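First the structure, in the form of structure tokens, and then the observations on it.
The values are calculated or read from the model by the stated rules, or taken from the named source; none is laboratory data. Remember, it's a predicted structure, so these values are computed and weren't measured experimentally. Positions of Cβ are generated from backbone atoms using ideal geometry, with glycine treated the same way; all protein chains shown enter the neighbour counts. Surface areas here come from the heavy atoms of the whole protein model, side chains and all, with no ligands, DNA or RNA. Shrake-Rupley method; radii C 1.70, N 1.55, O 1.52, S 1.80 Å.
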Amino acid sequence: SAHRMTVAEDGERRHLATELHDEIGQTLTALVLQIGRIKAKGGSPEDLDEAHATAEAALADVRRLARRLRPEVLDELGLTAALNTLCSRLSSQTGLVIHRTLPETPPPLSADEQLVVYRIVQESLTNVVRHSGASEARVMLHADADRVEVVVVDDGRGLPAEGVPLEGGIRSMRERALLIGAELTWTTADGGGTMIRLQVPVRAARG
């Protein structure tokens with residue numbers, strides 16, 4: 001599992017490197033050429049506006065790629081705020097109503113564990129939107145002396161009768177959980193729908 005996760009992360013790094021080279025590299029090359037033309041002929045207001053727009057596009061691309069590596073709000077405001085922001089954005093984009101039960105005090109998780117929790121909630125909600133046919137979902141985060149528990153449940157069609165194959169998003173989430181010593185389960189919720197449950201031992205979080 002750790003090997004597969006490493007391979008997946010290497011693939012993501014290669015993808016990001018390609019985007020940096022192909023997209024941002026091309027944008028910055030264009031900016032350099034525009035600035036060169038401005039220097040050579042004095043530069044009109046239109047030339048300056050064009051160069052400014054190119055620089056803004058490059059900055060937007062850098063920020064987009066940085067968010068893919070690690071959401072800024074996770075480091076700036078903590079896990080609770082990051083999950084609230086994620087839920088609000090996804091709800092606005094898709095129309096899915098997402099109820100939240102999140103603590104005001106951040107749970108005792110390391111930076112790596114916070115990222116795993118965030119990515120698993122993100123993947124769970126993405127699966128709800130894509131596959132469940134749900135109109136509502138709930139994200140719950142609870143911490144006690146022994147563990148931090150995260151639950152994502154929806155009111156959709158639930159799991160297929162033959163079960164969910166360990167592939168794609170489920171495999172990715174499970175392997176992320178294993179890397180931090182956590183347990184991930186997925187079951188049919190009471191009344192239908194699907195429940196994803198992640199349990200992170202506090203001793204692992206503090207270790």
How many residues of segment 106-130 are open to solvent by 60 Å² or more (accessible area, probe 1.4 Å) and in contact (Cβ under 8 Å) with a residue 12 or more places away in the chain? The answer is 3
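Kindly indicate which of 132, 124, 172 is at pLDDT below 90, touching a strand residue (DSSP E or B) at 6+ places or on another chain (Cβ under 9 Å) and within 25 Å of residue 85 (Cβ to Cβ). Walk me through how you get there before you give the answer.
Values: 124 fails: at pLDDT below 90; 172 fails: touching a strand residue (DSSP E or B) at 6+ places or on another chain (Cβ under 9 Å).
None of the other options fit; the residue is 132.
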For residue 62, are the conditions met, namely being in a helix (DSSP H, G or I), of a type in the set (Val, Ile, Thr) and modelled with pLDDT under 75? yes
Hey, any hits in segment 134-144 for a residue that's surrounded by 15 or more Cβ atoms within 10 Å (Cβ to Cβ), part of a loop (DSSP other than H, G, I, E, B) and either in contact with a helix residue (DSSP H, G or I) (Cβ under 6 Å, 6 or more places away or on another chain) or aromatic (Phe, Trp, Tyr) (or both)? yes
